[in-house]
Amino acid sequence: MKKDRFSNLPKLLLLLFLLASICISATELAACRQYAPELYYQITEPARQGARAAVRLSQRAIALVAAQTEKGLEQAAQLAEQAGNAWYGFLASLPRPAQDSQAVSEPSAAEYDPSDPSITELRQTEDGQVLTGGIIEIVYFNQGDPLWAGQPYGSDDIGRYGCGPTAMAMAVSSMTDQSIDPAVMAEWAVDHGYWAKSGGSYLSIIEGTAKAYGLEAKSLETHTPEAVQEALLAGNLLVALVGPGHFTKGGHFIVLRGVTLSGEVLVADPNSTERSLTAWDPQLILDELSGSTAYGAPLWVISAPAP
């Protein structure tokens with residue numbers, strides 16, 4: 001009789017261990033969140049994308065263990081559901097890095113005059129519009145284009161909040177053999193968790209999209225005109241997250257696409273054809289970079305992987 005009574009003890013202990021590990025981890029992370037928020041974010045963020053899969057595995061493990069105890073299959077399913085709900089609630093509380101809203105806004109600073117057409121121009125080709133003047137000709141998309149401006153970006157729309165997917169659509173379409181327009185990229189970004197409701201895109205969209213489409217995105221840590229020019233002259237593109245100034249009143253992704261003979265920088269602005277046909281002082285762009293530093297922000301080098 002004693003043997004039967006305690007035969008399920010190892011399974012019960014395993015069940016208790018699974019439940020305790022969830023509770024203890026949540027408690028420790030909650031304390032870390034309060035007293036060391038930067039460390040908390042570093043700890044939790046790498047697991048974000050796999051969190052849902054981990055929850056499902058935990059549910060199955062708990063159910064399999066509990067199902068072989070006196071509680072029975074029905075109670076095991078209830079327990080697994082409760083554990084899953086607790087984890088989903090915890091995951092929903094995880095913070096995102098603070099960032100300026102990327103809602104479309106008119107710049108607060110005066111714009112530069114458009115450049116000489118011999119330096120850069122917007123050409124119409126069979127495949128769409130192309131910006132010239134850089135080492136790489138850029139397939140240009142404007143988030144305000146009627147073709148997709150009113151299409152959804154989550155519960156928002158591309159025309160107002162889609163600078164992130166539009167910038168990455170330009171990078172992918174220009175540096176790979178794939179043609180991805182802003183509508184397709186916006187849908188992909190939502191499906192992969194890069195859309196920030198009423199805020200634009202999470203900063204992780206740059207590295208995540210580049211990796212998914214066969215490109216490399218690395219933070220440019222040296223913020224000098226020379227470093228920017230060198231990266232562009234090497235055949236790369238740069239994505240910059242800029243703050244209030246000549247491009248926006250809030251936050252905005254733009255693509256840096258080339259260098260003129262006089263050392264000015266050409267851009268592809270998802271929200272302005274005029275600014276995309278202007279040569280810019282690289283120091284001005286550096287001075288207007290966002291203060292955000294998560295996920296390699298505010299300046300990324302986009303390159304094709306080495307063969």
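Select from the range 196-215 the residues that are more than 19 Å from TRP300 (Cα to Cα) and either assigned to a loop (DSSP other than H, G, I, E, B) or aromatic (Phe, Trp, Tyr) (or both) and list them in ascending order. Write out each step before concluding.
Initial filter on the range 196-215 (more than 19 Å from TRP300 (Cα to Cα)): 196-199.
Hits for the range 196-215 are LYS197, SER198, GLY199.
Could you count how many residues in the range 281-307 are in contact (Cβ under 8 Å) with a residue 60 or more places away in the chain and farther than 21 Å from SER219 by Cβ?
Qualifying residue count, the range 281-307: 0.
For SER219, are the conditions met, namely being touching a residue at least 12 places away in the same chain (Cβ under 8 Å) and within 24 Å of THR273 (Cα to Cα)?
Working: touching a residue at least 12 places away in the same chain (Cβ under 8 Å): yes; within 24 Å of THR273 (Cα to Cα): no.
It is false that SER219 is touching a residue at least 12 places away in the same chain (Cβ under 8 Å) and within 24 Å of THR273 (Cα to Cα).
Within the range 163-175, does at least one residue satisfy the condition of being in a loop (DSSP other than H, G, I, E, B) and on the phi < 0 side of the Ramachandran plot? Walk me through it before giving the result.
The first filter runs over the range 163-175 and keeps only residues in a loop (DSSP other than H, G, I, E, B), leaving none.
The answer is no; no qualifying residue exists.
Suppose the filter is touching a residue at least 24 places away in the same chain (Cβ under 8 Å) and farther than 15 Å from MET170 by Cα; does GLY214 pass it? First the steps, then the outcome.
On the way: touching a residue at least 24 places away in the same chain (Cβ under 8 Å): yes; farther than 15 Å from MET170 by Cα: no.
No; evaluated as a whole, the condition is false for this residue.
Residues being at pLDDT 90 or above and of a type in the set (S, T, N, Q): count how many of those fall in the range 102-133.
The qualifying residues number 6.
Which of the residues belonging to the range 134-165 are modelled with pLDDT of 95 or more and closer than 24 Å to PRO117 by Cα? First the steps, then the outcome.
Of the range 134-165, the ones modelled with pLDDT of 95 or more are 138-165.
Matches in the range 134-165: ILE138, VAL139, TYR140, PHE141, ASN142, GLN143, GLY144, ASP145.
The values are calculated or read from the model by the stated rules, or taken from the named source; none is laboratory data. Keep in mind it's a predicted model, so treat the numbers as computed, not measured. Note that each Cβ is placed from the backbone with ideal geometry, even for glycine, and that neighbours are counted across all protein chains shown.
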